[in-house]
1. Which of T193, L62, P40 sits farthest toward the positive end of the charge dipole of the chain, with +1 on the Cβ of Lys and Arg and -1 on the Cβ of Asp and Glu?
2. Leaving out ligands, DNA and RNA but keeping every protein chain, what accessible area does K384 have, in Å² rounded to the nearest 10, with a 1.4 Å probe?
3. In nanometres, what is the gap between the two model label sites at A156 and L248, each 7 Å from Cα along Cα-to-Cβ?
4. Could you tell me the distance between the Cα centroids of region 75-94 and region 96-137, to the nearest Å?
5. Dipole size in debye (nearest 20) for region 137-199 around its Cα centre, Lys and Arg Cβ +1, Asp and Glu Cβ -1?
6. For region 245-255, take each phi angle, set θ = phi - 60°, evaluate the Karplus expression 6.51 cos²θ - 1.76 cosθ + 1.60, and give the result in whole Hz per residue in order, putting x for glycine and proline.
7. Given the protein chains as shown and a 1.4 Å probe, how many square angstrom of D278 are accessible, to the nearest 10?
8. Per Stokes-Einstein, at 10 °C and 1.306 mPa s, what whole-number D in µm² s⁻¹ belongs to region 246-387, with the Kirkwood radius over Cα pairs as the hydrodynamic radius?
Amino acid sequence: MSDRPVIYAVDFGTSNSLLAAASAARTFDPAPLDPSAPDPTILRSILCFPDAGGAHVGADALREFVEHGGEARLLRSIKHHLGVRSFRGTILRGRLASAEELVAALLRQMRVRADAHYGVEVRRVLLGRPVHFDGEDDAFAEERLRKAATLAGFEAVHFLPEPVAAARAVGAGAARAGVALVGDFGGGTSDFTVLRIGPRPLERSDVLAVGGVAVAGDALDASLMRSPVSRNFGAEVQYRMPFGKNVLRMPRGVMQYLCSPAHLSMLQRRDIATFLADVRQGSLTREDQRRIDQLTTLVDDTQGFHVFEAIERGKVALSAKDRAEIRFSHPGIELRERVTRKGFEEGSRREVEQVLGCLDATVAASGVAPDEIGVVCCTGGTAKVPRIAAEISRRFPAARLDQFKGFHSVVEGLARAAQDLLQA
């Protein structure tokens, strides 16, 4: 048996991506894909395309974006677009770059860096995928992801649901038999698995139910942008169109783009820029004009990523405190918005109920009563949101609550499954 990697295990996430490896004999620790990151094994799933050429990922993408100012495109949450048929791509350097090409740019960098780290050339990959992609078509999204992996240089592509991979990590460490619930709370999806665990290898029949919903950390960030942050960028502006008499408010469609980390770049469309200029001209007050100016600066200077970073910091602070402040400063933008945990919970009620509804449906599909579940293991920052954490504890009062080690549970489970592929 070879002691060199022959297959990669890739956890391509909405927010972060990781890569481990396997041979038929063993699994290999995750590769340090981003030496500049606090944890080099965690590569942030962001891309920067400077006008001068090249594609940059992770911490390097942020650095290039700052250095090139407005002469660069920064993209995040690209995984969101895979299941959306209407998203054909985005214009980069005068040409349409498809969703597959954008994802391939990230996967290619991961493959090349992993090859250099392990000292091999690997062309086979096991990719994690959510139970349900964001968008309307799972099969379409998976095929897009397969094509992206092929464009990135992989010749054999396999898939495994991410919660099943996370379950592999739980099952591998179980000291005694029982039933466990695994919750994988990512940036774009929340996935759940109910499984039997014990001091033996996990078998396919041990997975009792799998479920998922395309609502997670990004959706909670969007709820804070929607209320109250968006009013700083014109959500409540009143205006009249040229030669019109009716007082109008900002259209909901424009604000939907603003409130989506994945779709904010749509505000760069020429027709929307023209519309915003008309809104500014017809605004009823100077304060409304100032807020439209802030939105225009946000779009023109591509500061959306950094604003959502500030929003996420506020969300994290609300996990420990009842109050926080979302702060962001940039020439032409001053944001100081106080937020409360109560307000956040009210604003994100719909999203949290969708996540909890999926959790309940998965447990029901398993045929196991909630009080029979002895272990609940969660990964991802969204699991620490107080209302979600409290509802999980309430649903499973007899269970031991465990938090996975960092972000590595899915990729470690994928690596074990990749080893099994080689042994089959």
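1. L62
2. Answer for K384: close to 130 Å² accessible.
3. Once both label points are built, they end up 5.8 nm from each other.
4. Here the two parts' Cα centres lie 15 Å apart.
5. On the way: 6 positive and 8 negative charges, 68 e Å.
Dipole about the Cα centre, nearest 20: 320 debye.
6. Each residue of region 245-255 in turn: 10, 6, 7, 10, 10, 4, x, 4, x, 5, 5 Hz.
7. 50 Å²
8. Details: Rh = 18.1 Å.
Using the Kirkwood radius from Cα pairs, D works out to 88 µm²/s.
The values are calculated or read from the model by the stated rules, or taken from the named source; none is laboratory data. The structure presented is a predicted model; accordingly, all values stated were derived computationally and were not measured. Positions of Cβ are backbone-derived with ideal geometry, glycine not excepted, and every protein chain shown enters the neighbour counts. Side chains included, ligands, DNA and RNA excluded: accessible areas come from the protein's heavy atoms. Shrake-Rupley method; radii C 1.70, N 1.55, O 1.52, S 1.80 Å.
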